[in-house]
Amino acid sequence: MIEVENLTKKFGDKVAVDGISFRVHNGEIYGLLGPNGSGKSTTMKILAGILKPTSGKVLVEGINVAKNPIEVKKIVGYVPETPILYESLTPSELFNFVGSMRGIPKDKLEERVNYFVRAFGIEEYLEQFIGTLSFGTQQKVSLITALLHDPKVLILDEAMNGLDPKSARILRELLLEFKNEGKSIVFSTHILSLAEVICDRIGVIYQGKIIAEGTIEELKEKAHEESLEDVFLKLTESKDEIAHIVQALKESL
Amino acid sequence: MFEVVKILYRELHYQILKRNPQIANDEKKFRKHLKNAVNIKRNVAIQSIAFIFFGIMMAIGLSFSDDKIYIVAMLSSLALIPFIFSLYVTTVQSSYVVSLGLFEPMKALPIRIGALYLSELLIIDQIPALAIILPSVAVISMKYPLNGILALLWVFVGMLAGHTLGLIIYSTFGLRISYRKSRSGSLKNFLKILTIFAFMGLFYGVSYMQEYIQQHSEKVAAVIGRYSIAYPFTISSIFDPKKSVVMLLLYVAVFVPLYQLALKRVWSGILEPKLESEKVKTSKFRASLGGKVFALTLKDLRIIFRKTAMITGFLMPIYVLLPQIFMTIQSGSLSLMRATYFLFILGVFTIPGADAVLKVEGKVLDFLKSLPLTKREYALSKALSMSVIPMLLSGLILVLAIYYDSKALVLFPYILLLPLNASFLTMAYFFRYEGSELGIPEFNIGHMIVLMILVGVLFGIITLPLFLLTYPLEYFISFGIGLVSLGILYRLL
């Protein structure tokens, strides 16, 4: 379970996250949606123990992230929006490195790596330097490193980025399986149709604040809109803006 | 064009500051440092202060002497520093610049001579090294104006040579991305390192050869000339202006085209890194695990050995010791005291290796931060990573010493103790900041000088028994002090 209370993160004078609160229960996929620069990635990095909050409280499985980030990192699997990994290592070496860092037993590590490597179809890239792999394959490697220790909590920031349709479907099924196992999952995506299918609840973050929260149906009802995309655009004040931009483009062209 | 370089410079130094937790975690400090770091003039001026201090000390010595042999000997030694600095900055810093992705936005632009930006960017960081020799050149110019100007030109040529050779090393070894790891790849990396060693010894090799020829054959010596043809010994020709100008022109004629060629290779390498492909085969994952610190150290070493350009920082002591090793081989003896001195020099020169090990992470720091790793474990692994190569080099010196005198076996503990003391002190210096956040501390010439002084003091304490006691007790007490200091530094990490 994840509990976020009045979380604020400032970078100098800039407020990236402005006093947000939400909860993610066990066995729940929570979608964190928002336009670029709204504070999603910052929030997710704080949940993963990578960034320290300026103020507010974040508890992951009852552990305070600010006070005990190491314990939080032991039970969290985090996938960043861009896979930035050691380019001069091979996926095999990286998995061994992560296994050593997380103290995963040898047989369990072999079993899990081989399982995920087969699932995502990257067997042939195991001994190839990561820097030479395509973006999609690097994203798969990044995903596998986050899943190796069987984390109780998953923080996935645009995890579907660059994945081919087959791998995206496999990840979707895996997430639903993890949900059934009782894991808490925070998931951000710009593919709203995907969020509509897999997220139990959604928080819309805009300019560092959560401006709406609830199930898909609740959000549609509140916004009086038919689709999640329309709900999102309305809440983030983008709908009128898009109409103006399109009109201006048509006129200038 | 300089506008682009200014932007790249600002971005590079902003990124370096951002990765320095000692500064980035303190907003006021960050803003204060940012003002200097992104301002080329201020940053160069601040870095030059460290060099100019030593430069003035040397110049004072020269101002009291009219002995031309003494003057050229001093200048030859000093001129080596800008050369090494250019070589070092070009190879190591260029690898960092590219790994930060500074050129990624430029790739899409219609620019044909993009590497010139890299070259200019690196040259800015080399300027401070000039400060060590400028005071001496100024002193000589007051007495002998023409010869002073020639000395200055030689320094510029030396920097051009260092920069060009750095670009060649980087374009040959630093840009190539091997498609997959293999035994042949490891062998190639080993050979590349050996090549760098050979390259580092080239100048001394040439001068040694020349000395040998001068001693043995008057005819050959007459052909080659009275002075060395290898930089920095070429600077000794300044009191023979005609010869000096001819040699300067020769150096320029060789290094300017080489520079242009290397620049082209670097840019085409940045645009399209060479891939060494092998047949792809499906493989099954086999786990090979270790402790956290071991895994971190192994990872660092793998990356350093695969990005061969990063190794240059570790080879500084070889360049310093090479002439003395040549002399040892020539004289056919190596005393216990001299071997001890070699090991201490190698120990002190463990410090420059910190630059490479601290830069292994770069943009990958966030990935590392997502793992359950403490600052102490991280610092410990960095200390071990930077010690490995100096330990290997110390081992080679010990083998040489034992070859000449089996009593040198007593020095064995120094192989471990000295590099570890230096590296633990270096990491304690960088990682004694508040908070538990991991980071990449900035490593500049100022830090290097401070650390050299600190390690010098520590080594002074460790060597004290060697001056006060007798063999072999002196060594046992010295090892004891080394162990105790290592224990204290371990606790400080």
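Per-structure values
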| read-out | value |
| --- | --- |
| Partners for A:K222 among lysines (Cα-Cα distance below 20 Å; same-chain residues under 8 apart left out) | A:K209, A:K234, A:K239 |
| Efficiency of FRET between B:S268 and B:Y471 - r from beta-carbon atoms, R0 51 angstrom, step 0.05 | 0.30 |
| Segment B:405-424 and segment A:68-91: distance between their alpha carbon centers, rounded to Å | 38 Å |
| Segment A:147-192: relative contact order as a whole-number percent, Cα under 8 Å and 6+ apart | 62 percent |
| Distance in nm between pseudo-label sites at B:R376 and B:I449 (7 Å out along the Cβ direction from Cα) | 3.4 nm |
| Dipole magnitude of the protein assembly as shown about its Cα centre (Cβ charges: Lys, Arg +1; Asp, Glu -1), debye to nearest 20 | 1460 debye |
| Alpha-carbon Debye profile of the protein assembly as shown, log10 I(q)/I(0) at 0.07, 0.08 Å⁻¹ | -0.59, -0.75 |
| Inter-chain shielding of A:111-124 (mean C-beta neighbours from other protein chains, 10 Å cut-off) | 2 |
| For B:361-367, mean number of other protein chain Cβ atoms within 10 Å | 5 |
| Net length gained if the chain between A:E237 and A:S21 were fully extended (0.36 nm per residue, minus Cα distance) | 75.6 nm |
| Selection from B:F344, A:A223, B:L486 lying farthest towards where the dipole of the protein assembly as shown points positive, charges on Cβ | B:F344 |
| Cβ crowding within 10 Å averaged over residues, with A:57-65, B:341-349, A:240-248 ranked highest first | B:341-349, A:57-65, A:240-248 |
| Assigned charges on the beta-carbon of Lys, Arg, Asp, Glu; segment A:22-106 dipole about Cα centre (debye) | 320 debye |
| Nearest-0.05 FRET efficiency for A:F11 and B:K35, computed from C-beta distance (R0 22 Å) | 0.80 |
| Nearest-0.05 FRET efficiency for B:L396 and B:A138, computed from C-beta distance (R0 41 Å) | 0.50 |
| Highest-first arrangement of A:2-15, B:294-307, where packing means the average Cβ count within 10 Å | B:294-307, A:2-15 |
| Nonlocal Lys pairs with alpha-carbon distance under 22 Å, segment B:1-103 (8 or more apart, or different chains) | 12 |
| Top positive-direction residue, dipole computed over the protein assembly as shown with Cβ charges, set B:S331, B:M106, B:A422 | B:S331 |
| Test item: A:23-35 mean partner chain Cβ contacts at 10 Å | 0 |
| DSSP-assigned coil residues among chymotrypsin sites (Phe, Trp or Tyr not before Pro) in segment A:92-153, each with at most 11 further Cβ atoms within 10 Å | none |
| 222 nm mean residue ellipticity, helices alone, for chain A (DSSP H n ≥ 4; -39,500 (n - 2.57); rounded to 500) | -13000 deg cm²/dmol |
| Cα-based shape type of segment B:345-401, given that a ≥ b ≥ c are square roots of the gyration tensor eigenvalues and the cut on a/c is 1.5 | prolate |
| Prolate/oblate/rounded call for segment B:49-148, Cα gyration tensor, a/c under 1.5 rounded | prolate |
| Relative contact order of segment B:335-429, pairs being alpha-carbon contacts under 8 Å that are 6 or more residues apart, as % | 50 percent |
| Dipole magnitude of chain A, debye to nearest 20 (Cβ charges: Lys/Arg +1, Asp/Glu -1, about Cα centre) | 820 debye |
| In order through segment A:184-199: 3J(HN,Hα) via Karplus (6.51 cos²θ - 1.76 cosθ + 1.60), integer Hz, x for Gly, Pro | 9, 10, 10, 9, 10, 7, 9, 8, 5, 5, 5, 4, 4, 7, 9, 7 |
| Residues of type aspartates and glutamates that A:K106 reaches as a straight line, Cα spacing below 19 Å, ignoring anything fewer than 8 places off in the same chain | A:E93, A:E123, A:E127, A:D150 |
| Residues of the protein assembly as shown: accessible area per residue with a 1.4 Å probe, Å² | 44 Å² |
| Cα gyration tensor shape of chain A, rounded if a/c is under 1.5, else prolate or oblate by comparing a/b with b/c | prolate |
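The values are calculated or read from the model by the stated rules, or taken from the named source; none is laboratory data. A quick note: this is a predicted structure, and the numbers were derived from the prediction, not measured. Here the Cβ is made from the backbone with ideal geometry for all residues, glycine too, and neighbour counts use every protein chain on show. Note: accessible area is taken over every heavy atom of the protein model, side chains too, but ligands, DNA and RNA are not part of it. Shrake-Rupley method; radii C 1.70, N 1.55, O 1.52, S 1.80 Å.
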